[in-house]
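> Okay, here's the structure, questions in a sec.
The values are calculated or read from the model by the stated rules, or taken from the named source; none is laboratory data. Since we're looking at a predicted model, the values are computed, not measured. Glycine also receives a Cβ, built like all others from the backbone with ideal geometry; neighbour counts cover every protein chain displayed. Quick note on the areas: whole protein, heavy atoms, side chains included, nothing else; ligands and nucleic acids left out. Shrake-Rupley method; radii C 1.70, N 1.55, O 1.52, S 1.80 Å.
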2 protein chains.
Amino acid sequence: MIAVVDGRGVREGEVQLGFDPAERINAGVTFIGHIRSQWSRGDSPRNTTQGREAGGGNARIELLASYSAGLQGLEIWQPIWVLYWMDRGPRDLVVQSPRHLPEPRGVFSLRSPVRPKPIAMSAAIITSIDHETGIVGIDTTDAFDRTPVVDIKPWIAGIDVPPTS
Amino acid sequence: MIAVVDGRGVREGEVQLGFDPAERINAGVTFIGHIRSQWSRGDSPRNTTQGREAGGGNARIELLASYSAGLQGLEIWQPIWVLYWMDRGPRDLVVQSPRHLPEPRGVFSLRSPVRPKPIAMSAAIITSIDHETGIVGIDTTDAFDRTPVVDIKPWIAGIDVPPTS
């Protein structure tokens, strides 16, 4: 994941859409809570694997009270998907030049948070569940503290690992 | 994945949020194209693995023209994530009673399309790429024909398979 700052400029080789996808709204999303972590802009890991290697960042999800009943059936040590909203970058770069790659690449071949729809997803392991407060501990995140969460789903090997991998 | 119909009723043991998440909008999403498939309501597979077993459904993604440059760097036979928008069901069932399970479960322990934010994700293999038309063939989908697509991301084993699985 690329570190993104407000006002990130357009780099050589990059292609802009010519419009801002943030202004073309086909549907609305609602936030169900936030990721809490010890990461902030500038010191967050590049991805969840690096986050795990760095100790996990004391990561947890704090759900809004209305949603805590939705945790029923989840178990400690179960892998889950956390879907979250990374809205700090531009959305109109359809071809990008990440600093760690030699050549520009299409946005759909990258996990960059700079994308038309800034939804990130990361696989994590549940380390604790408090059904009363709606707080779910997870073993890692690469998200800044207070990143909005849009969904939690169970990770299921039978559908989440494609056949040739 | 549960087949969902308009006007799906509330089943025994289910819990409603008390508000409609569709009406609480924190951010907007834009559709980048559509999934095309031979599936329609009532005859779609339960998940992508069943879709693959049923021949794949002649699945493909048709991107809007503005976004086809974003395919640069993707390769045939590469696994990807397809994120899509399943807006045909209710969004307020925080505890649900899927027909295939004996007991009600929290929405976050299910891959049900009935959820506060109806974003589904499925892993698939690229079978063709037409950079000119923005059409990407994929080996399977469980989505109805013309389901809106919100993102494509590369599937990456190092982050998408959690450590204990």
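> Just counting partner chain Cβ atoms within 10 Å, what average do the residues of peptide A:131-143 show around their Cβ?
Working: counts 1, 0, 0, 0, 0, 1, 0, 1, 3, 3, 0, 1, 0.
That works out to 1 on average.
> With r defined as the distance between the Cβ atoms of B:T127 and A:I156 and R0 fixed at 25 Å, what FRET efficiency is calculated, to the nearest 0.05? List each step's numbers first, then the result.
Details: r = 23 Å, r/R0 = 0.91.
Efficiency, rounded to the nearest 0.05: 0.65.
> B:A65 label points, 7 Å along Cα→Cβ, one per copy: pairwise distances from this copy to the rest in nm, shortest first?
Counterpart label points of B:A65 in the remaining copies fall at 5.2 nm.
> So the label point sits 7 Å from Cα along the Cα-to-Cβ vector; using that for B:A54, what distances do you get to the other copies, in nanometres, sorted shortest first?
Going from nearest to farthest copy, the values are 4.3 nm.
> Computed on protein heavy atoms with a 1.4 Å probe, what is the summed buried accessible area for the chain pair B and A, in Å² to the nearest 100?
Working: alone 9520 and 9500 Å², together 13500 Å².
The summed interface area works out to 5500 Å².
> Among A:T49, A:T30, A:T141, which one shows the biggest mean-square fluctuation in a GNM of chain A, springs joining Cα atoms closer than 10 Å?
Top of the fluctuation ranking is A:T30.
> Heavy-atom accessible area per residue, the protein assembly as shown, 1.4 Å probe: how many Å²?
Details: 13500 Å² over 330 residues.
Computed with neighbouring chains in place, this is 41 Å² per residue.
> Here's something else I'd like to know. Label position 7 Å from Cα toward Cβ: report the copy-to-copy distances for B:S40 in nm, one decimal, ordered from shortest.
5.6
> Heavy atoms only, probe 1.4 Å: what % of the accessible area of the stretch B:30-146 goes to carbon and sulfur, would you let me know? Don't skip to the end; give the middle numbers.
Values: 2070 of 4420 Å².
Roughly 47 percent, rounded to a whole number.
> Which residues, if any, in the stretch B:100-117 have at least 20 Å² less accessible area in the whole protein complex than in the isolated chain, probe 1.4 Å?
Those residues are B:R105, B:G106, B:F108, B:S109, B:R111, B:R115, B:P116, B:K117.
> With θ taken as phi - 60° and the coefficients 6.51, -1.76 and 1.60, list the Karplus ³J(HN,Hα) couplings across the stretch A:51-57 in order, rounded to whole Hz; mark glycine and proline as x.
The phi angles translate into x, 5, 5, 8, x, x, x Hz.
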